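Let me begin by presenting the structure, written as structure tokens, before commenting on it.
The values are calculated or read from the model by the stated rules, or taken from the named source; none is laboratory data. Remember, it's a predicted structure, so these values are computed and weren't measured experimentally. Cβ placement follows ideal geometry from the backbone for every residue including glycine, while neighbour counts extend to all protein chains displayed.
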């Protein structure tokens, strides 16, 4: 058992750092140059929690001002509280000793782990004594605009705008801190610029809702994990749903009419049958255009009348003429024309 534990310790790159009952993290190496990738693993973090990783100088004593915030990386903890990600080491503006600062976004300064790392080629200096200060960012406004796109009713992609207004309520300016935007499961970061003490600033952030989106999308913005503002956007393409419902209704109606149509009278007969004896056609109700023919029909025959017609011998063109009677008729007509 002791040998197994020793072998496991040798295989692990570095031991996990953090509290025993809290979040922990570890680096795959203890030394690397800026721009190189290191593997960062963690466990014990809240499930679904957004965790930010950044390279800091002077042990991060000066807060975000001592960190390379443009190279910061954020990742979401798994359901088991773990994560694993490759971090590109930044080049802090402050000298080493350096750390990789791993912290919860929106944790308010709690729930973080500092992992020491040697940045090869980076200057080394003393760690200054800095009074413990913490950025305070107040959210003034967070609202989405652009909800009225007609194409959104039919599942089209949407371009919304998030108006994010914050105020630096602290006594120190905020510099080099990323503005983090999360839309659903996607995340993007931009430089928030400088926010002086007491300054209020508005940011216009584009929010893209993908094609055929359906459901509620959570939109979240923050400055370096503080001043977190959230709003929701409901993507409900009811126009597309209505079109599909109409299409299904028409298909169902067509199937219903097809099965309720009366069948032809007589086994093996087609919808239209020619009766040579009558020199006519027999049209059944399932024939194409039978509804129009039914409206134009002058009369109807009963089954008994049809049987009587079928039993009648076929008519012929042969005829016997009484010539004397025909002469009498013709003479009578001629005499009538001569009268005044």
For segment 161-188, what are the residues that are buried (at least 20 other Cβ atoms within 10 Å of the Cβ), in a strand (DSSP E or B) and in contact (Cβ under 8 Å) with a residue 60 or more places away in the chain? 162, 164, 166, 174, 178, 180, 182
From (1) touching a residue at least 40 places away in the same chain (Cβ under 8 Å); (2) assigned to a loop (DSSP other than H, G, I, E, B); (3) buried (at least 18 other Cβ atoms within 10 Å of the Cβ), pick out the condition that doesn't hold for residue 65. (2)
Output the residues belonging to segment 256-273 that are loosely packed, with under 10 Cβ neighbours inside 10 Å and at pLDDT 70 or above. 257, 258, 259, 260
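Pick from 35, 42, 22: which is at pLDDT below 90 and either outside any loop (DSSP other than H, G, I, E, B) or farther than 14 Å from residue 116 by Cβ (or both)?
Step by step, each of 35, 42, 22 is checked, and only 22 is at pLDDT below 90 and either outside any loop (DSSP other than H, G, I, E, B) or farther than 14 Å from residue 116 by Cβ (or both).
Given 221, 213, which one is touching a strand residue (DSSP E or B) at 6+ places or on another chain (Cβ under 6 Å) and either in the same structural domain as residue 104 (by TED's automatic domain parsing) or in a loop (DSSP other than H, G, I, E, B) (or both)? Give the steps one after another, and end with the answer.
On the way: 221 fails: either in the same structural domain as residue 104 (by TED's automatic domain parsing) or in a loop (DSSP other than H, G, I, E, B) (or both).
Residue meeting the stated conditions: 213.
Would you please name the residue that is surrounded by the fewest Cβ atoms within 10 Å (Cβ to Cβ), looking only at residues in segment 189-210 that are over 29 Å from the mean Cα position of the chain (by Cα) and in a strand (DSSP E or B)? Don't jump to the end; show me each part of the working.
Kept after step one, since they are over 29 Å from the mean Cα position of the chain (by Cα), are these residues of segment 189-210: 193-201.
Those still in the list that are in a strand (DSSP E or B) too: 195, 200-201.
Details: 195: 21, 200: 14, 201: 16.
The extreme case among them is 200.
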Mind checking whether some residue in segment 85-102 is in contact (Cβ under 8 Å) with a residue 60 or more places away in the chain and under 15 Å from residue 44 (Cα atoms)? yes
